[in-house]
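First up is the structure itself, then whatever we jot down about it.
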Amino acid sequence: MSNPLLENHSLPAFSQIKPEHAEPAISTLIERNKETIDKLLSANQDYTWDNLMQPIEDMDDDLARAWSPLGHLNGVLNSDEIREAYNACLPLLSQYSTWMGQHEALYLAYEQIAQRSDFELLEPAQQKAIKNALRDFRLAGVSLSDQHKQRFGEIKQRLSKLGSEFSEHVLDATDAWKMTLTREDLDGLPESALENAKQAAEQAGETGYVITLDFPSYQPVLTYCNNGKLRQAVYEANCTRASALGPNAGQFDNSELITEILNLRQELATLLDFTSYAELSLATKMADSTDGVLEFLNNLAQKSHPQAQTEWQELAEYAASQHNHPDLQPWDAAFFSEKLKQDRFEVSQEEIRPYLPVPTVLNGMFEVANRLYGIEISEVEEFDNYHEDARLFEIHLKGKPIARFYLDLYARSGKRGGAWMDDCRIRRVQAGELQLPVAYLVCNFTPPVGAKPSLLTSMELTTLFHEFGHGLHHMLTHQTVASVSGINGVAWDAVELPSQFLENWCWERDALRFISGHYETGEPLPDTLLEKLLDARNFQSAITMCRQLEFALFDFRLHNEWQGGDASTVQTLLDEVREQVAVMIPPVYNKFQNAFSHIFAGGYAAGYYSYKWAEVLSSDAFSRFEEEGIFNPDTGADFRSAILEVGGSVDAMTAFVNFRGREPSIEPLLRHSGIAA
C-alpha cells in the first residue's frame, strides 16, 4: 500500500493521509537517513558541501515534508487517532535528532569542511549553515561522555512527550467546559457574540446559547456581559484550566508536568555546562547574557509601571464613581475598561467590527503587501484540503509564483487555541529544481454566522497581520539552503520582528481606508470612527505592557533561577513577579501558568522576552517608514532585501543595522505605546 507521506508532493495530499500512515513513514525515513549518513561518511575522506551537506539537506527535507502535515493536523484537526499517531512519532524524531546531534564522525566531517582552505568560497548561506550546525552539535552534547549522551537523549525524548501532554491537557480542558445559557443571562452581549453563541448551541444540538473557553466565545462575556456572577464564573473556568482547581478539577492538571519539565531542562543545561536553562537558551539568540535580558525587561518595567498604576487607578475610580462598583475584581477589568473606553473615546469594538469583514480585510492586507513588496496574491480554488475552513493562496512576484500559504482562520472544537504560523515547505533547491516555500497561517476568530461574514475586532486585525508577517518572512526568502531559509536559522529573539512590524499598518489611516469596508455597504471606516480608533490606540497601553512583562519575567526568571521544587515554588516566583510589575493581583485560584503553552509546550522557554525585544526592533524599523513614507516602495524593498530575503543567513543584528543604519533604540517602542520615557 502506498504511503502519501513518502511521496514527493508539492503540497500535502491531505485527503490521502491517514493516521496509520504516520509511524511507518517516519520510521522508514529515519532508517533511510541513518543509512545514508553512514554511507556518506564511509564513501568520502575529503568532505565538501556537495558530497556531504547537500545530500543530508535533501534527506532532512524529505523528513520535514512528511512530518509537517502530521504536526499541522494535530494542531488544527485534533482527534484521538491523530493524537495517537502524532505521539507515536515524537520519540522516534527525538531519538533521531539526538543520534544526529551526537554523531561524532559527522561532527568531525562538518568541522573538516569549516576548516577547508576554500571554505570562504562557499556561499554566505552555506557558511552560516555549517557554523550553525557546529554550534548545534555542541548544544546536542556531541562532546559528552557516552553515559551523559545517553542521559541527554532520554531527557530530550521525555521533554518532547511532556510538551505534547501539556498541550493536550490545555486543549482537552478547553474543550471540556461549556455553559448553556439564556439570552437574559447574556444581557449586554453584542449581537455578533449572541449569534456566535446561538450557532454554537445549534451545532451542539442544544437550545439557548452556548459559551465555551475558545477566545471568541468567552472574551465577549468578560467584556460586555452585565451579569457579574457569570463573568466571574467564566473568568474562573478560564484561569483554572489544566489545574487541580475549577471545572474538571485535576482531570487535566499540568502542575506535575511543569515541575518535571523544569527539572529536566535544568538537568539538560547542567549536562552542557550551563548554569541555567535560560543561559542555554541564549546560545541561539541575539541576547548576550541572562543579566542583559533581565536588565532589558526590568528597564521596560521601570518605565511602564508608574503609568500602568495610574491607568489602573483611573479604572478603579471610574468603576466606583460612575457605576457604583467600588471593589474592582479581575473579572470586572475588561468590562469596565470597555465602558471607560467608550465613554472617553466614544468608540467600541462592536462599532468597528462591521467595517472589518474578513474578505475585505484580506484584500486590504494583500494590498499592503503589494505596495510594500510588489507581490500579488491570488486564491487557489481547487486543492487537496483537510477542512472546509482552510483556504489556499499563491504569491506572485513579477508574474511568477514564488510561494503559497494555507489560511485557517476560525475557532472550532479540536483546534488548538491561539494563532500561529508554521512552515509546510521550505524554499530550497532539490535535484536542480526550486522548491517553493509554503506556510500554514492559523487563527481562531469567530466563524461566519449564516451568510454573514466573520467580523474582526481591531485586536484580531493585528493578530492576522502578525501571522501574515511571519508568513512573509518564511515565503519571501531568497535563500535556497534549507537551514537558513525563511525563518530557519533566525535568532529566536529576532523572529518576531517581521510579524510585529507588519502590525503597524493596522493603525495607519492611509492603510485602514482600504483594509476596512462595511460588510453590507462596502463603505470604508468613517473618518470620525477612524479618528476615535486611532485616539484610543494606546488606551491602557502601559497596563498591556506590564502584563506582557509579567509573562516574560516569569518565564525568564523561572528558567534562570530554577533549582528544583514543586508547584508552590513556581507559584511563589510568579507571585514575586506580579508584586513587581502587575497592577492587579489575581485571586489565589488563578493558575495561568498551567495553560502557558508558549513556554511549556511551544518554543518560547526562556524566550518569551523575545516578543518585547522584537517590538523594540519592529517599532524602530517602522520609524524609518514614518520618516520616508509608510508605502515608500524603496523603503519596502530595503526591508525585504535586508530582513525578509536573507532569512537566517545573516546575523540578526547585522541584518537590522543593514536596514536601519544603526543599532536599535527603545524610544520608538515607548512612543508608539504612548508611554513617557
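The values are calculated or read from the model by the stated rules, or taken from the named source; none is laboratory data. This one's a predicted model, so the numbers in the text were calculated from it and none came from an experiment. All Cβ positions, even for glycine, are placed from backbone atoms using ideal geometry, and neighbour counts span all protein chains on display. With ligands, DNA and RNA removed, areas are computed over all heavy atoms of the protein, side chains included. Shrake-Rupley method; radii C 1.70, N 1.55, O 1.52, S 1.80 Å.
Each residue of region 254-268 was assigned a 3J(HN,Hα) from its phi angle through the Karplus expression (A = 6.51, B = -1.76, C = 1.60, θ = phi - 60°), giving 9, 4, 5, 4, 4, 4, 5, 4, 5, 4, 5, 5, 5, 5, 4 Hz with x at Gly and Pro. Remark: region 458-472, residue by residue, has Karplus-estimated 3J(HN,Hα) of 5, 5, 5, 4, 5, 4, 4, 4, 4, 5, 5, x, 4, x, 5 Hz, where x stands for each Gly or Pro and the curve is 6.51 cos²θ - 1.76 cosθ + 1.60 at θ = phi - 60°. Viscosity 0.890 mPa s, temperature 25 °C: Stokes-Einstein D of region 335-418 from its Kirkwood Cα radius, in µm² per second? Translational diffusion coefficient: 155 µm²/s.
Taking the centroid of alpha carbons for each part, region 355-406 and region 231-285 are 37 Å apart.
What translational D, rounded to a whole number of µm²/s, comes out for the chain from Stokes-Einstein when the hydrodynamic radius is the Kirkwood one over Cα pairs, at 20 °C and 1.002 mPa s? Before the final figure, lay out each step's value.
On the way: Rh = 26.4 Å.
In µm²/s, the coefficient is 81.
Each other residue within a Cβ distance under 14 Å of E191 adds +1 if Lys or Arg and -1 if Asp or Glu, for a net charge of -1.
With Cβ to Cβ distances under 11 Å as the rule, what net charge do the other residues near L372 carry (K, R +1; D, E -1)? Please report the intermediate quantities before stating the final value.
On the way: positive: R371, R640; negative: E367, D634, D638.
My count for the surroundings of L372 gives -1.
Taking 28 Å as the cut-off for C-alpha to C-alpha distance, list the pairs among K18/K178; K156/K285; K198/K591; K18/K39; K415/K591; K39/K400 that go past it. Distance filter (> 28 Å) returns K18/K178; K198/K591; K18/K39; K39/K400.
The simple spin-label model puts a point 7 Å past each Cα toward its Cβ; for S164 and D38 those points are separated by 2.6 nm.
For region 1-102, the square roots a ≥ b ≥ c of the C-alpha gyration tensor eigenvalues yield an a/c of 1.5 or more together with a/b exceeding b/c, which makes the shape prolate. Between the Cα long axis of helix 567-581 and the first principal axis of the chain there is an angle of about 60°, rounded to the nearest 10.
Pairwise alpha-carbon distances in region 68-224 exceed 18 Å for 72% of all pairs.
In percent, rounded to a whole number, the relative contact order of region 261-355 is 11, using alpha-carbon pairs under 8 Å and six or more apart.
What's the extension gain from M653 to D118 if we count 0.36 nm per residue and subtract their Cα-Cα distance?
Values: separation 535, 0.36 × 535 = 192.60 nm, distance 2.66 nm.
That works out to 189.9 nm of additional length.
If the Kirkwood radius is taken over C-alpha pairs of region 66-115, then at 10 °C and 1.306 mPa s the Stokes-Einstein diffusion coefficient equals 123 µm²/s. For region 654-677, the residues whose backbone nitrogen is under 19 Å from a point 7 Å from the Cα of Q313, taken along Cα to Cβ, are 675-677. Positive contributions from Lys and Arg (+1) and negative ones from Asp and Glu (-1), summed over other residues with Cβ under 13 Å from the Cβ of E550, come out at 0.
Segment N263..Q16, full-extension length gain: 84.8 nm, with 0.36 nm per residue of separation and the alpha-carbon distance subtracted.
Basic side chains Lys and Arg get +1 at the Cβ, acidic Asp and Glu get -1 at the Cβ, and with that the dipole of region 463-601 about its Cα centre reaches some 100 debye.
When its C-alpha radius of gyration is set against 2.2 N^0.38 Å (N residues), region 103-171 gives a value of 1.53.
How large is the helix-only mean residue ellipticity at 222 nm for the chain, computed as the sum of -39500 (n - 2.57) over DSSP H runs with n ≥ 4, divided by its residue count, in deg cm²/dmol to the nearest 500? If you can, show how the numbers build up before the last one.
Numbers: 26 runs with 376 residues, N = 677.
About -18000 deg cm²/dmol.
Between helix 358-373 and the chain there is an angle of about 50 degrees, using the helix long axis and the longest principal axis of the Cα atoms.
What length, rounded to one decimal in nm, is gained on full extension from L6 through to H518, with 0.36 nm per residue of separation minus their alpha-carbon distance? Spell out each step's value before the answer.
Details: separation 512, 0.36 × 512 = 184.32 nm, distance 4.63 nm.
Gain on stretching L6 to H518: 179.7 nm.
In debye to the nearest 20, how big a dipole does the chain give about its Cα centre with +1 on each Lys and Arg Cβ and -1 on each Asp and Glu Cβ?
On the way: 55 positive and 99 negative charges, 58 e Å.
Approximately 280 debye in magnitude.
Close amide H pairs (under 5 Å, H built 1.01 Å from N) link Q435 with R428, V429, Q430, residues at least 5 positions away or on another chain. Structural descriptor for region 524-677: relative contact order 26 percent, calculated from alpha carbon pairs under 8 angstrom and at least 6 residues apart. FRET efficiency for the D60 to D187 pair, using the beta carbon distance and R₀ = 56 Å, is estimated at 0.50. Amide H to amide H, with H built 1.01 Å from N, F445 comes under 5 Å of Y410, A411, counting only residues 5 or more places away or on other chains. Taking label positions 7 Å along the Cα-Cβ direction at both K452 and R662, the computed distance is 5.0 nm, reported to one decimal.
In sequence order, region 11-19 has phi-based couplings of 10, x, 8, 4, 5, 9, 7, 10, x Hz under the Karplus curve 6.51 cos²θ - 1.76 cosθ + 1.60, θ = phi - 60°, and Gly or Pro positions carry x. In the chain, taking the dipole from charged Cβ atoms about the Cα centre, the farthest positive-side position among G71, Q266, S255 is held by Q266. Taking the Cβ-Cβ separation of E295 and L134 as r and a Förster radius of 30 Å, what is the calculated FRET efficiency to the nearest 0.05? For E295 and L134, the calculated efficiency is 0.50.
Report the Cα centroid-to-centroid distance between region 154-200 and region 493-520 in angstrom, as an integer. Cα centroid of region 154-200 versus Cα centroid of region 493-520: 28 Å apart.
At an R0 of 41 angstrom, the distance between the Cβ atoms of V588 and F345 translates into a FRET efficiency of 0.75.
Just grab the label-to-label distance for S378 and D566, each label 7 Å out from Cα along the Cβ direction, in nm (one decimal). Here the modelled spin labels are 6.3 nm apart. The share of accessible area on the chain that comes from carbon and sulfur is 48 percent, using a 1.4 angstrom probe. The angle separating the long axis of helix 80-101 from the principal Cα axis of greatest extent in the chain is about 50 degrees.
Just in region 2-91: which chymotrypsin sites (Phe, Trp or Tyr not before Pro) are loop by DSSP and have at most 16 other Cβ atoms within 10 Å? Please report the intermediate quantities before stating the final value.
Numbers: sites: F14, Y47, W49, W67, Y86; in loops: Y47.
Counting only loop positions with at most 16 other Cβ atoms within 10 Å, none of the chymotrypsin sites (Phe, Trp or Tyr not before Pro) in region 2-91 qualifies.
Probing with 1.4 Å while keeping every protein chain in the model, the per residue accessible area of region 381-475 equals 36 Å².
Amide H of C424 versus every other amide H placed in the peptide plane: which residues, excluding those fewer than 5 positions away on the same chain, fall under 5 Å? For C424, whose amide H was placed from the backbone, the distant partners under 5 Å are V438, A439, Y440. Taking every alpha-carbon pair in region 579-631 and binning the separations at 5 Å intervals from zero gives 5, 14, 12, 16, 18, 11, 10, 8, 4, 2, 0 percent.
Note down the relative contact order for the chain as a percent, whole number, built from C-alpha pairs under 8 angstrom at least six residues apart. Intermediate results must be reported in sequence, preceding the final value.
On the way: 1073 pairs, mean separation 106.1, N = 677.
Dividing the mean separation by the residue count of the chain yields 16 percent.
Mind ordering 170-181, 563-574 by average Cβ neighbours within 10 Å, highest first?
Details: 170-181: 19.8, 563-574: 14.8.
For the peptides 170-181, 563-574, the packing ranking is 170-181, 563-574.
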